[in-house]
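A.B. asks: Quick one: this structure, given as structure tokens, is what I'll be asking you about.
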Amino acid sequence: MTLAAGLELYWQAPADAMAGAQCLGVMRFGGAGAVLPANLPCLQVDTPTLQPVPCWQAAWTTDAALESGIHGEVRYRRGGGLLFGVLRVREAEFAGEDVAGALQRAAAHAYRQLFAAVDALGHPGLLRVWNYLPRINAIEHGSERYRQFNAGRQDAFAACGRALSGEVPAACALGSAGGDLVLAFLASTGRPRAVENPRQVSAYDYPVDYGPRSPTFSRAALLQHGGATLLFVSGTASIVGHRTVHLGDVRAQTRETLANIEAVLDEAARVGGGPRLPAAALGYIAYVRHTADLPAVRAEVDTHLGEQARVVYVQADVCRADLLVEIEASGGHPIQGCD
Ligand code: 3EB
């Protein structure tokens, strides 16, 4: 446990580390894995890992004293100025008389719960949100489910008095293999700063071709924390301007995605005024739409980041049907358990 950053990412943490007092929360992809303490926030994502393990999990740990609780439907742990929370929303409960609006209302409900929790618990600085929902690219009731999700998310940002552009959190939104809408998030007592990508139109400014309500996220978020600068790079894809580029070419999409991440790292250094993180210093999750594309994605990632790069691969649908890969990252904190 390092003192400087106060936050550490522990990949494939052993069960005793996750059960310990220094674990802020867990994100778990694939199978069920070890039973964890009931008061530990754990995001269980129903999506296969492409690692040679049935279940891949990452623990956020900290040296701060932690407190666990439930606020509304949010399970959280907090301490040292950071709060990790998870929640799960059953879409069917929002069907009512207007089935077509169920996902939008479920997403709005999830985000209203999230904002109510972070505000009441004194951690209003929403830094990073991970969103997973089943059938993300399916057209249901006349519109793509990802677009319905975007509408509900934006409804809640507006209803809770949050900005819809500018200072918005880093995020990712991926398709899960099944189950409910699930969210995890990191929030802070301090104020995060949003980072955009000069190569891309900001997502909150996407033209209506991508949906009547634009997605509410920034390309990355920075936070001064415990003497370190934490950086969360949103899910990043092969988009230049607002257009998907390299249709059908997973290798070129991967290279473009990595170029976008490099541009975000440049911009984060400019916004934050600190040293520029080298891409190889971050930890990554790569979401691959088609399992058969894994070797191609991995080859491009290894070429760009080096074979020592810390990258975990997960199968998931990406939020535009023409995107084959999406990559997220975090840095500025130690990463344990991946050498
Ligand atoms: C993109 O750049 C690709 O809706 O929260 C990336 C990161 C994407 C976050 C979100 C979507 C989201 O538009 C998709």
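A.B. asks: What Kirkwood Rh does the stretch 20-141 have if only Cα atoms enter the pairwise 1/r average? Answer in Å. If you can, show how the numbers build up before the last one.
C.D. replies: Numbers: mean 1/r = 0.0629 Å⁻¹.
Taking every pair of different Cα atoms in the stretch 20-141, averaging 1/r and inverting gives 15.9 Å.
A.B. asks: For the stretch 8-89, just say rounded, prolate or oblate: build the C-alpha gyration tensor, square-root its eigenvalues into a ≥ b ≥ c, call rounded for a/c under 1.5, and beyond that prolate if a/b exceeds b/c, oblate if not.
C.D. replies: Details: a/c = 2.13, a/b = 1.40, b/c = 1.53.
Oblate, because a/c is 1.5 or more while a/b does not exceed b/c.
A.B. asks: Test of understanding: what is the full-extension gain from Thr303 to Asn39, defined as 0.36 nm times their sequence separation minus their Cα-Cα distance?
C.D. replies: Working: separation 264, 0.36 × 264 = 95.04 nm, distance 4.11 nm.
Here the segment from Thr303 to Asn39 would lengthen by 90.9 nm.
A.B. asks: Check which residues have an amide H placed less than 5 Å from Ala177's amide H, if you skip close sequence neighbours.
C.D. replies: Here Asp46, Thr47 satisfy the definition.
A.B. asks: Using the scaling law 2.2 N^0.38 Å as the reference, what is the normalised Cα Rg of the stretch 8-336? Could you put the intermediate results ahead of the total?
C.D. replies: On the way: Rg = 18.2 Å, N = 329, 2.2 N^0.38 = 19.9 Å.
For the stretch 8-336, the normalised Cα radius of gyration is 0.92.
A.B. asks: How much net charge surrounds Glu67 when only other residues with a Cβ under 14 Å from its Cβ are counted (Lys, Arg +1; Asp, Glu -1)?
C.D. replies: Details: positive: Arg75, Arg77, Arg78; negative: none.
Once all neighbours under 14 Å are counted, the net charge is +3.
A.B. asks: Okay, moving on. I'd like to know which of Trp11, Val311, Gln154 lies farthest towards the positive end of the charge dipole of the chain, counting +1 on Cβ of Lys and Arg and -1 on Cβ of Asp and Glu.
C.D. replies: Gln154
A.B. asks: Between Ala19 and Val53, what length in nm is gained on full extension when 0.36 nm per residue of separation is reduced by their alpha carbon distance? Provide the component values of the computation, followed by the final result.
C.D. replies: Values: separation 34, 0.36 × 34 = 12.24 nm, distance 2.02 nm.
That pair, Ala19 and Val53, stretches by 10.2 nm at full extension.
A.B. asks: Explain nothing, just compute: Karplus ³J(HN,Hα) = 6.51 cos²θ - 1.76 cosθ + 1.60, θ = phi - 60°, for every residue of the stretch 240-249 in order, whole Hz, x for Gly and Pro.
C.D. replies: Calculated HN-Hα couplings, in order: 10, x, 10, 9, 5, 10, 6, 3, x, 10 Hz.
A.B. asks: Now for a different question. Got the relative contact order for the stretch 90-147 handy, in percent, Cα pairs under 8 Å and 6 or more residues apart? The partial results should precede the final answer.
C.D. replies: Details: 31 pairs, mean separation 12.0, N = 58.
Relative contact order of the stretch 90-147: 21 percent.
A.B. asks: Just rank Val86, Val312, fewest to most, by other beta-carbon atoms within 10 angstrom. Could you put the intermediate results ahead of the total?
C.D. replies: Details: Val86 23, Val312 20.
In increasing order of surrounding Cβ atoms, one gets Val312, Val86.
A.B. asks: Ranked by Cβ crowding within 10 angstrom, fewest neighbours first, how are Ser165, Ser238 ordered?
C.D. replies: Working: Ser165 15, Ser238 28.
Ordered by Cβ neighbours within 10 Å, fewest first: Ser165, Ser238.
A.B. asks: What number comes out for the charge environment of His304, summing +1 per Lys or Arg and -1 per Asp or Glu over other residues with Cβ under 9 Å away? Intermediate results must be reported in sequence, preceding the final value.
C.D. replies: Working: positive: Arg255; negative: Glu262, Glu300, Asp302.
It works out to a net charge of -2.
A.B. asks: Label 7 Å along Cα→Cβ of His242; the stretch 169-207 residues with amide nitrogen under 12 Å?
C.D. replies: 201-207
Where a number appears in this text, it was derived from the coordinates with a stated rule and is not lab data. Not measured: the values here are computed from a predicted model. We place every Cβ from the backbone using ideal geometry, glycine too, and count neighbours over all the protein chains shown.
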